[in-house]
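Engineer: Here it is: the structure, laid out below.
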């Protein structure tokens, strides 16, 4: 099997898909969000945060690549799924072109901000980072994620990375994405 990379917008289904693959195929999950949190906490001078900072998009891809190269060399029999939104498809495709990986991207480009907002509030968990945010702030985030999804879709197409739109029928789209990744 190949190692897998799932990129995409926040709330597009990356972690859900990684969990599905883990449960069904026993892949180990590596979260780019965890890298960002660790780098933010340990090296604040790098100015890498979860918000959309250019520093993050410059420094994170080589770090992720180096880590994945090291861990796949140390554990060649282990299968990994790397998931997160903090890197662009164009960066990942360049770095990982010689490695045995399959890359996809998830986003939502066909749904309105209001529809996403209703779904988010309906399915929000107590520990969700959006739980204590005002509706206005959440809608602003969602609008940004929809725009980011459009950028991801363009970059995915340009770099021959399969893009899955999770705007509607999300569960079916994630099942289809899993079949593609595992095939």
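The values are calculated or read from the model by the stated rules, or taken from the named source; none is laboratory data. Note that the coordinates shown come from a computational prediction; the quantities given were computed from them, not determined experimentally. Reconstructed Cβ throughout: ideal geometry from the backbone, glycine too, with neighbour counts over all protein chains shown.
Engineer: Sort out which residues of segment 150-183 are in a loop (DSSP other than H, G, I, E, B) and either crowded, with 19+ Cβ neighbours inside 10 Å or touching a residue at least 40 places away in the same chain (Cβ under 8 Å) (or both), and write them in order of number.
Structural biologist: Residues of segment 150-183 that are in a loop (DSSP other than H, G, I, E, B), as a first pass: 159-161, 166-169, 183.
Answer for segment 150-183, where residues must be in a loop (DSSP other than H, G, I, E, B) and either crowded, with 19+ Cβ neighbours inside 10 Å or touching a residue at least 40 places away in the same chain (Cβ under 8 Å) (or both): 159, 160, 161, 166, 167, 168.
Engineer: Taking segment 101-126 as the region of interest, how many residues are touching a helix residue (DSSP H, G or I) at 6+ places or on another chain (Cβ under 7 Å) and not in a helix (DSSP H, G or I)?
Structural biologist: Of the residues in segment 101-126, 8 are touching a helix residue (DSSP H, G or I) at 6+ places or on another chain (Cβ under 7 Å) and not in a helix (DSSP H, G or I).
To keep it simple, each residue is scored yes or no on (1) at pLDDT 85 or above; (2) touching a helix residue (DSSP H, G or I) at 6+ places or on another chain (Cβ under 8 Å); (3) in a helix (DSSP H, G or I).
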{"residue": "39", "(1), (2), (3)": "yes, yes, yes"}
{"residue": "45", "(1), (2), (3)": "yes, no, yes"}
{"residue": "57", "(1), (2), (3)": "no, yes, yes"}
{"residue": "61", "(1), (2), (3)": "no, yes, yes"}
{"residue": "68", "(1), (2), (3)": "yes, no, yes"}
{"residue": "71", "(1), (2), (3)": "yes, no, yes"}
{"residue": "77", "(1), (2), (3)": "yes, no, no"}
{"residue": "83", "(1), (2), (3)": "yes, yes, no"}
{"residue": "87", "(1), (2), (3)": "no, yes, no"}
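Engineer: So how many residues does segment 16-37 have that are outside any strand (DSSP E or B), within 23 Å of residue 76 (Cα to Cα) and within 9 Å of the chain's Cα centre (by Cα)? Outline the logic, then answer.
Structural biologist: Residues of segment 16-37 that are outside any strand (DSSP E or B), as a first pass: 16-27, 32-37.
Then keep just the ones that are within 23 Å of residue 76 (Cα to Cα); that gives 17-27, 32, 34-35.
If we keep only those that are within 9 Å of the chain's Cα centre (by Cα) as well, we get 32.
Count: 1.
Engineer: Every residue in segment 21-50 that is surrounded by fewer than 14 Cβ atoms within 10 Å (Cβ to Cβ) and either in contact (Cβ under 8 Å) with a residue 40 or more places away in the chain or within 30 Å of residue 176 (Cα to Cα) (or both), please.
Structural biologist: Within segment 21-50, 23, 24, 26, 34 qualify.
Engineer: If residue 7 satisfies all but one of (1) more than 15 Å from the chain's Cα centre (by Cα); (2) at pLDDT 90 or above; (3) under 18 Å from residue 104 (Cβ atoms), what's the number of the condition it fails?
Structural biologist: (1)
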